[in-house]
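Notes follow once the structure below has been shown.
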């Protein structure tokens, strides 16, 4: 599952975090994803997620200082399904080991990764979650290239790759193609799914039925994985509102067909 939860802003009024938190986290509880990629998570939201999702391990560092400041692109891992072997965060920039802003980006951007082992059968997974820049065209492209190169250099034989994220880029754009063509050759779960439901777009601007929408949130799957189902969850909460300015995206991935 991937979910841009919209950072906590008092100026959002009726859509501020306190007014939608329980419903948004309730959606996660209903879907029970083994791997959840989150974007725009600020420290207070991370505390709420940790408290209300006690079965999940939250991984990832804030983008501004790598400690406590700014948004995170967290991975949340269900400990009952997967064991975390190792994890980390790197910045999408020319200096990935330290907090930094790359190319023409408006903000620092990060990728959070985790090496996982499925408890049921020992299947190994390399998961990565990110949020590409909203303004910088080169930053989106170079960030995607950096992620593709990192995955190729760091994947261990036998690992299946899963990438989640808000790419701020539509289907067929260069950043998406960097990850789905050539190495690591991931598949867009939307395109590969045996069953696909929900609206085409994932950005809703806090509108239940947006005037204009774009598919910018993705789950990308290793070719070794079968995509049984993919959905954009256009769920409504109290008052006919939505729980974030993005719809969550879910995919049912399997190591065997059927």
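Only one of 44, 66, 37 is surrounded by 16 or more Cβ atoms within 10 Å (Cβ to Cβ), in contact (Cβ under 8 Å) with a residue 12 or more places away in the chain and more than 15 Å from the chain's Cα centre (by Cα); which?
Working: 44 fails: surrounded by 16 or more Cβ atoms within 10 Å (Cβ to Cβ); 37 fails: more than 15 Å from the chain's Cα centre (by Cα).
It is 66.
Any residue at all in segment 112-120 that is part of a loop (DSSP other than H, G, I, E, B), touching a strand residue (DSSP E or B) at 6+ places or on another chain (Cβ under 9 Å) and surrounded by fewer than 20 Cβ atoms within 10 Å (Cβ to Cβ)? Explain how you work it out, then say what you get.
To start, the set of residues in segment 112-120 that are part of a loop (DSSP other than H, G, I, E, B) comprises 119-120.
Narrowing further to those that are touching a strand residue (DSSP E or B) at 6+ places or on another chain (Cβ under 9 Å): 119.
Those left that are additionally surrounded by fewer than 20 Cβ atoms within 10 Å (Cβ to Cβ): 119.
Scanning segment 112-120 turns up at least one residue that is part of a loop (DSSP other than H, G, I, E, B), touching a strand residue (DSSP E or B) at 6+ places or on another chain (Cβ under 9 Å) and surrounded by fewer than 20 Cβ atoms within 10 Å (Cβ to Cβ).
Test each condition in (1) over 18 Å from residue 39 (Cβ atoms); (2) not in a loop (DSSP other than H, G, I, E, B) for residue 103 and report the one that comes out false.
Single failed check for residue 103: (2).
Answer with yes or no whether residue 125 is crowded, with 16+ Cβ neighbours inside 10 Å, within 14 Å of the chain's Cα centre (by Cα) and touching a residue at least 40 places away in the same chain (Cβ under 8 Å).
Values: crowded, with 16+ Cβ neighbours inside 10 Å: yes; within 14 Å of the chain's Cα centre (by Cα): no; touching a residue at least 40 places away in the same chain (Cβ under 8 Å): yes.
When the stated conditions are applied, residue 125 does not pass them.
Residues of segment 1-21 being more than 20 Å from the chain's Cα centre (by Cα) and on the phi < 0 side of the Ramachandran plot, which ones?
From segment 1-21, those more than 20 Å from the chain's Cα centre (by Cα) are 9-16, 18-19; that's our starting set.
Across segment 1-21, the qualifying residues are 9, 10, 11, 12, 14, 15, 16, 18, 19.
Would you confirm, using the coordinates I've provided, whether residue 104 is more than 20 Å from residue 222 (Cα to Cα) and crowded, with 24+ Cβ neighbours inside 10 Å?
No.
Does any residue of segment 171-188 turn out to be buried (at least 22 other Cβ atoms within 10 Å of the Cβ), in contact with a helix residue (DSSP H, G or I) (Cβ under 9 Å, 6 or more places away or on another chain), at pLDDT 95 or above and part of a loop (DSSP other than H, G, I, E, B)?
So far as segment 171-188 goes, yes, one or more of its residues are buried (at least 22 other Cβ atoms within 10 Å of the Cβ), in contact with a helix residue (DSSP H, G or I) (Cβ under 9 Å, 6 or more places away or on another chain), at pLDDT 95 or above and part of a loop (DSSP other than H, G, I, E, B).
Please note which strands (runs of 3 or more DSSP E) are completely contained in segment 1-80 and include at least 1 residues that are in contact with a helix residue (DSSP H, G or I) (Cβ under 6 Å, 6 or more places away or on another chain). Spell out how you get there, then give the answer.
Values: elements: 2-4, 35-39, 56-59, 75-78.
Strands (runs of 3 or more DSSP E) meeting the threshold: 56-59.
Scanning segment 203-227 for residues that are over 14 Å from residue 251 (Cα atoms) and buried (at least 17 other Cβ atoms within 10 Å of the Cβ), which turns out nearest to the chain's Cα centre (by Cα)?
By that ranking, first place goes to 216.
The values are calculated or read from the model by the stated rules, or taken from the named source; none is laboratory data. Just so we're clear, the structure is a prediction, and the values are computed from it rather than from any experiment. Quick reminder, even Gly has a Cβ in these numbers, built from the backbone with ideal geometry, and neighbours come from all protein chains shown.
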